[in-house]
Amino acid sequence: MRTTVVFRPTTIQKKALALLKSGAKHVLLFGGSRSGKTTVLVMAIIFRALFYAESRHLICRLRAKDARSSVLQETLLPWLNNTVGIAGYNYLKHESMIRLENGSEIWIGGLGDKEQADKILGHEYNTIYFNEISQLTYAAVTTAYSRLAMRVKGCRNLFLYDCNPGSPLHWAYKIFVLKKTFLMGEPLEKAELYASMVLNPEDNKDNLPEDYISDILDGLPEKQKARFRDGLWVKAEGVIYEKFDESMIVKADELPERFDSYAGGQDFGLNITFVKIGWVGDVIYVLCDYGAFNMTTRSFNEEVSARGLYDTTDSLGLSIYCDPAGGERIQEITGGIKANNSVESGIDFINAKIERKQFFVCENCTGVLSEIWDYCRDEAGEIVKVNDHFMDALRYAVFSDVQHGVVLV
């Protein structure tokens, strides 16, 4: 096999490659736009595939088509051509898989489609690379963890991640920067297994057009500039619940002892989510949430029930307002009824509660908190349909409950 390697990493990329040899099992590269993060991790996978014959590696992101267009076509195939040459690999387009002459495989796929997720998670791997994790839920990522189980002599299995930073409430920030568990906020038991590094466009300027930083990135709005130029974890541009702030996050022991009523919201899909709220007068408290990836509705309902999340005090009932597009799945949810899906009206109502300081979220609601600052609109004013599963469930719970007359606006 011809292996004429022409990859000449920058100084910061050399440090990133060294990080992969540090003993950490989880490695995140985050930072600004076109800083070379993807190139480093793709090259690491190519070298691992070449060095360890018959090994298997996965590159995935939310949507398979994005993985194929941005990672496969723009990075993986060009670098394979520069290392092993066109004759040194076989691209099986139907399988979205590349097979090298030594029997190693590199799979490309998406976790946002059930058929795709089932396909790629039906194998075991030596490397799993989650590309642009700001678009992936914690449940989706951890579901894939069990597939890093292939054994190839001498090959140390690795999880690789990259992203342009999202909000500081995102699960990746908590784990890799704060070194805390996402669900409970406790210090990581083995923090040394989680390593991260910042790569910014300035570090990669020799490989960029001369005017890319000065004319493009420097001219972005402040929040976008902080994220895409400086690699900072900030609220997204166009955040829908812009006025929600950390003063509205309350500790579990600070919640009211009794509530006037309760309601739940249920969203269906590959990422299935549940949110429970409680009312005290006109004030909303988001009490708990739960999400899973690629789980049947019946199993999810049993799990939520077993965790006691349907429980209420004073024998108050709990209606679960479900995504009306759920069809027969609504019948599999305890207390499930169709939700009011007036999106803009529901958003306006929640925003009004936030502005009046009548909206609080328990610190344990990691799903809601991980999405609330990344829930935004695009330049056309349309809601960005990425990582909005808990936001939908929250809206179903709040606004459907209002519309059923439990609480007056």
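The values are calculated or read from the model by the stated rules, or taken from the named source; none is laboratory data. As the structure is a computational prediction, the values presented were derived from the model and not from experiment. Reconstructed Cβ throughout: ideal geometry from the backbone, glycine too, with neighbour counts over all protein chains shown.
Quick look at the numbers
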| quantity | calculated |
| --- | --- |
| Residue that is surrounded by the most Cβ atoms within 10 Å (Cβ to Cβ) [pool: residues in the range 176-198 that are touching a strand residue (DSSP E or B) at 6+ places or on another chain (Cβ under 7 Å) and in contact (Cβ under 8 Å) with a residue 60 or more places away in the chain] | PHE176 |
| Out of ASP314, ASP323, ASP282, sole residue that is touching a helix residue (DSSP H, G or I) at 6+ places or on another chain (Cβ under 7 Å), in the same structural domain as PHE399 (by TED's automatic domain parsing) and under 28 Å from LEU255 (Cβ atoms) | ASP323 |
| Residue among TYR396, TYR310, TYR321 that is part of a helix (DSSP H, G or I), among the hydroxyl-bearing types (Ser, Thr, Tyr) and modelled with pLDDT of 95 or more | TYR396 |
| Number of positions in the range 55-71 that are among the polar types (S, T, N, Q) and modelled with pLDDT of 95 or more | 1 |
| Residue satisfying condition, being modelled with pLDDT of 95 or more and assigned to a helix (DSSP H, G or I), within set LEU76, LEU29 | LEU76 |
| Matching residues, the range 282-306, being within 20 Å of GLY346 (Cβ to Cβ) and surrounded by fewer than 19 Cβ atoms within 10 Å (Cβ to Cβ) | ASP282, VAL283 |
| Cβ pairs under 9 Å, 6+ apart, first in the range 246-269 and touching a residue at least 40 places away in the same chain (Cβ under 8 Å), second surrounded by 15 or more Cβ atoms within 10 Å (Cβ to Cβ) and of a type in the set (Lys, Arg) | TYR262/LYS276; ALA263/LYS276; GLY264/LYS276; GLY265/LYS276; GLY265/ARG395; GLN266/ARG329; PHE268/ARG329 |
| Subset of the range 40-73 [more than 16 Å from PHE130 (Cβ to Cβ), part of a helix (DSSP H, G or I) and either hydroxyl-bearing (Ser, Thr, Tyr) or in contact with a Cys (Cβ under 6 Å, 6 or more places away or on another chain) (or both)] | SER69 |
